[in-house]
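Structure, as structure tokens:
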Amino acid sequence: MQQDDPDITPVTETAPIATRTHGGRAKCLQRLTRLSLPVPRTTALSFRAVKDIAEGRMPDVACILAPFGDDPLLCVRPSSEDPDWGGPSAVLNIGMNDATHAALSERIGTEAATRLYNRFVRSYAIHVERLDPDMFEDLPVTGPEALAESFRAYHEETEQDFPQDAATQLAAVLRSMARAWRGTTARLLRQAKGAPADAGLGLVVQEMALGLGKTGECGSGVIQLASSGTGLPRITGRYLSQSQGREALQGDSRSMFLARDARGPSLEDLAPEAFATLAEYSRLMRYRLREEMQCEFTIENGNVHVLDGVRASRSARAAVRMAVRLAEDGVIPRDEALCRVDPRALNEMMHRQVDPSAKRDLIGTGIAASPGAASGRLCFSAADAQAAQSRGEACILARRETGPEDIRGMHAAVAVITERGGATSHAAVIGRGLGLPCVVGLTGLQFDMKTERLIARDGRNFRAGDMITVDGTHGDVLAGEAPLHEASQDAAFQAMLTWAEDYCDIGIRANADTPADAETARKFGADGIGLCRTEHMFFESGRLTVMREMIFADAPDDRRTSLERLLPMQRADFTDLFRIMQGRPVCIRLFDPPLHEFLPSDREGLRELAESLSRPLSDVTRRAEQLSEYNPMLGMRGVRLGITVPEIYDMQARAIFEATIAASEDGVPVVPEIMIPLVSARREVELVKTRVDAVAAAVRNETGKDFSFRLGVMVETPRAALRAGEIAPHAAFLSFGTNDLTQMTYGLSRDDAGKFMSTYVKQGVYPEDPFHTLDHEGVGELLTIGAERGRAARPDLVLSICGEHGGNAESIAFCRAAGFDYVSCSPFRVPIARLAAAQLNI
Ligand code: PEP
Ligand code: MG
């Protein structure tokens, strides 16, 4: 080796080592060296050198060995660019042979030396010669006969004596590790973690610090300053006397805590000076490497050696707490702390989660529609869910799919699962709005609604009353009651949100339908409400009946009477929303769904309705038939209903204006935003605008009070996007409803696509589920066209997106780039969207 060969270089303060060329471990060891920490002598092999070795071009191994002096004992560890990509297992004690065994026996005792030798022979046999580990399974582990047995087994399989030459051993280890990196399994594993196909591997060759000996304390372990599970500051780790490498972590009952601990012995008690030194080194590493690190160390005769430092592993909530504390301690600036956290990690702090270390008895997997986890007893109808709630029992509502009739059941349940549906299906949208764990499109689990059973692929049956757990974060359904971690929006969570606000340069509003949603939205710092789906207000008990009466009214006058009963309810709803939002914008969407959604779907329900309306069943059935459509999502809904049954929009406009007056009396002036859904033609907007203006004039006249409002259009049909230029002059804002827009652009039912979506994604037809991840190419082009044409016609046009994509980082990036004013998402996604937006601006 030439002293200045960058591909095989001793790790010194000045050596040309970079993560990109030698891997993260080599770079970290260089940093530790620069901190003057006692790192054993190390040589780093670059990606290029390791590639050469894998391809049969072995460098001069004697040169690699030279810096380590005579008869060294070495270890070789992998050094990939990102430590998360893994790598082949480290091999320890290379150089062990009969001569070093004899010398070591003097130093550390024959038994310990023999144990080391034996372990090396076996690990060499398994990792380098690829012998079957089972061969060594039943052989003795200690004593001279153990070593003899290992040699015998080695010879029997390889027909060679165990190599005694250190250079031969090292060359074989390097070759085997270099080749292991190229194996198919290793490649697939790291690619699943985001590694590029051509990711390189570096290797570090390090002098062993033994961890075994007769004088003073000897052993090895790991230490870190914050808990990987909670992220809270606490010295954690394990230490094992007379051990090497990561043995302390392998469950040996003699391993101990680092810091003094009531639960058992600790290094702090055993070797207080070494412990204090280690804690000091760890603090220095945290401060100078600007990260919570895990330090691997060995103690030899009471002296501490630092072998390695890796970024401490962390749960999502620990990631938030660690980043915030690093910033609060002045180790990193706030903007860097914000960028250290995956926005989705905030989910863990807002919802309960299945303990990641718990065993999972998986019975079904579907689309993770709404994050969080809950356990409860299975029930199969909304009525049963309500009954369970009234008994104080946690229950999980299982439906083929949900509809308006299930809303009360969803409120009563702790989680919801459906057989059908996708990311924007009814259950998914409502689940996210309520913060209710939800898994939809559970294809592997059979829903037998008649006998009220779930049948798992393995044949197990789960009946009403059986306990299951829904993991909405991962899209899993588990048998039994899994241990859960509580949600905790602690000071670190709040700090993250507050700091994110300082960097966020796009508005983040919430989709909030009820006062409870609005409270959540405020709590999470939403800038306003971007979408209030008013129809959800009609599902509450007491209102559904009035709503149904309105639907059944034959004549406009009868309909007006029912609407008059709905008016005060809506007025109260809107007043509440305005008051909760304290002057922040509230965008109310006029009634959108097809009317028949409000009618019962089965005979029993129709009979009950006939009873409550005092009308013959045949009447009710006939009306329901009249209202039913072949394609309701493309039928009489949205603005089409507003134009053909205008009394509904009139009532809603009046309720909004009267609530505006009432809430403005509190002192904060309210300027409501009214949004027309499912527009496809300019004339629709003109017609609705004329009527809404007339209602406003009437309310002003009647009350003698003035108010302003803003009327806008929801762009959910491709035509509305294409014709935005002629729509914009009549609209103060355009809000893109990407759920329907995706549905209509692809011609893909948002409620049925879940059935085949995974096949489509697996086969690469779509890169992702377009209802989940905004399709930048197709739907995105419509967004761009709509935004450009709209703004060209009206430069002050406010633009936003309010479909379920609104909270995703990549759609926020898209909207920011396209000059949108805000995104709107479910209240529980506001913090995630806020952090994602802040990261885009840092
Ligand atoms: C949409 O279509 O994107 C939307 C927000 O409206 P909804 O989901 O209520 O149809
Ligand atoms: Mg829509």
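The numbers here are math on the coordinates, done by the rules we state, and not lab data. This structure is a prediction, so every number in the text was calculated from the model and none was measured. Glycine gets a Cβ as well: all are built from the backbone with ideal geometry, and neighbour counts include every protein chain shown.
Structure summary
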| item | result |
| --- | --- |
| For peptides 799-810, 223-234, 394-405, sequence by mean Cβ density within 10 Å, most packed first | 799-810, 394-405, 223-234 |
| For region 352-485, size of Cβ-based charge dipole, Lys and Arg +1, Asp and Glu -1, in debye | 60 |
| Charge sum, other residues only, whose C-beta stays under 12 Å from Arg816's C-beta, Lys/Arg counted +1 and Asp/Glu -1 | -3 |
| Cα centroid separation, region 734-759 to region 798-823 (Å) | 17 |
| Under-5 Å amide H pairs with Gly364, H placed in peptide plane, nonlocal only | Val477 |
| Burial ordering of Arg834, Arg463, fewest other beta-carbon atoms within 10 Å first | Arg463, Arg834 |
| Shape of region 303-379, Cα gyration tensor, a/c cut at 1.5 | oblate |
| Gain upon complete extension [Glu702, Asp821; 0.36 nm per residue less C-alpha separation] | 39.3 nm |
| Computed lengthening from Thr545 to Gln626, 0.36 nm per intervening residue step minus Cα-Cα distance | 27.3 nm |
| For the chain, share of DSSP beta bridges that run antiparallel, in % to the nearest 5 | 65 |
| Cα lying deepest toward the dipole's positive end in the chain, options Gly229, Gly542, Ser243, charges on Cβ | Gly542 |
| Cα-based equivalent ellipsoid of the chain: semi-axis lengths in Å, sorted from largest, via gyration tensor | 64, 29, 24 |
| Computed E for Asn841/Ser488 - FRET, C-beta separation, R0 25 angstrom, nearest 0.05 | 0.35 |
| Difference of contour (0.36 nm per residue) and Cα-Cα distance, Ala732 to Cys339 | 138.0 nm |
| Förster radius 35 Å - calculated FRET efficiency between Leu249 and Thr12, Cβ distance, rounded to 0.05 | 0.70 |
| For region 630-671 versus region 306-361, the gap between their alpha-carbon centres in whole angstrom | 44 |
| Cα centroid separation - region 212-289 against region 590-622, whole Å | 69 |
| Alpha-carbon gyration tensor eigenvalues x 5, square-rooted, for region 72-122, Å | 28, 10, 8 |
| Built amide H within the under 5 Å cut-off of Cys825, gap 5+ | Arg509, Ala510, Asn511 |
| Neighbour-count order for Val761, Val639, fewest beta carbons within 10 angstrom listed first | Val761, Val639 |
| Three-way shape call for region 406-473 based on the alpha-carbon gyration tensor, with the a/c threshold at 1.5 | prolate |
| Charged-residue dipole, Cβ positions (Lys, Arg, Asp, Glu), region 219-314 about Cα centre, Debye nearest 20 | 400 |
| Expected 222 nm ellipticity per residue - DSSP helices of 4 or more, -39500 (n - 2.57), all of the chain, to 500 | -12500 deg cm²/dmol |
| Cα gyration tensor, region 1-72 - rounded (a/c under 1.5), prolate or oblate | oblate |
| Sequence ranges 720-729, 208-217, ranked by mean other-Cβ count within 10 angstrom, highest first | 720-729, 208-217 |
| Residues His22, His127 arranged by fewest to most Cβ contacts within 10 Å | His127, His22 |
| Charge dipole (the chain, unit charges on Cβ, about Cα centre) - positive-most of Met177, Phe462, Ala382 | Ala382 |
| Per principal axis, descending, Cα span of region 200-350 in whole Å | 50, 42, 27 |
| Which of Cys815, Ala199, Pro144, positive extreme of dipole for the chain (C-beta unit charges) | Cys815 |
| Other-chain or far-sequence residues with amide H under 5 Å of Gly211's (modelled H) | Gly219 |
| Electrostatic dipole magnitude of the chain [Cβ: Lys, Arg +1; Asp, Glu -1; Cα centre; debye, to 20] | 1320 |
| DSSP H segments from the chain that extend 20 Å or more along their own axis, Cα-based, with Kyte-Doolittle mean of -0.5 or above | 110-127, 166-180, 272-289, 647-664, 682-703, 779-793 |
| Cα-based convex hull volume of region 8-207 per residue, rounded to whole Å³ | 127 |
| Zone of Asp132's modelled label, taken as backbone nitrogen in region 138-169 under 20 Å from a point 7 Å along Cα→Cβ | 138-141, 149-160 |
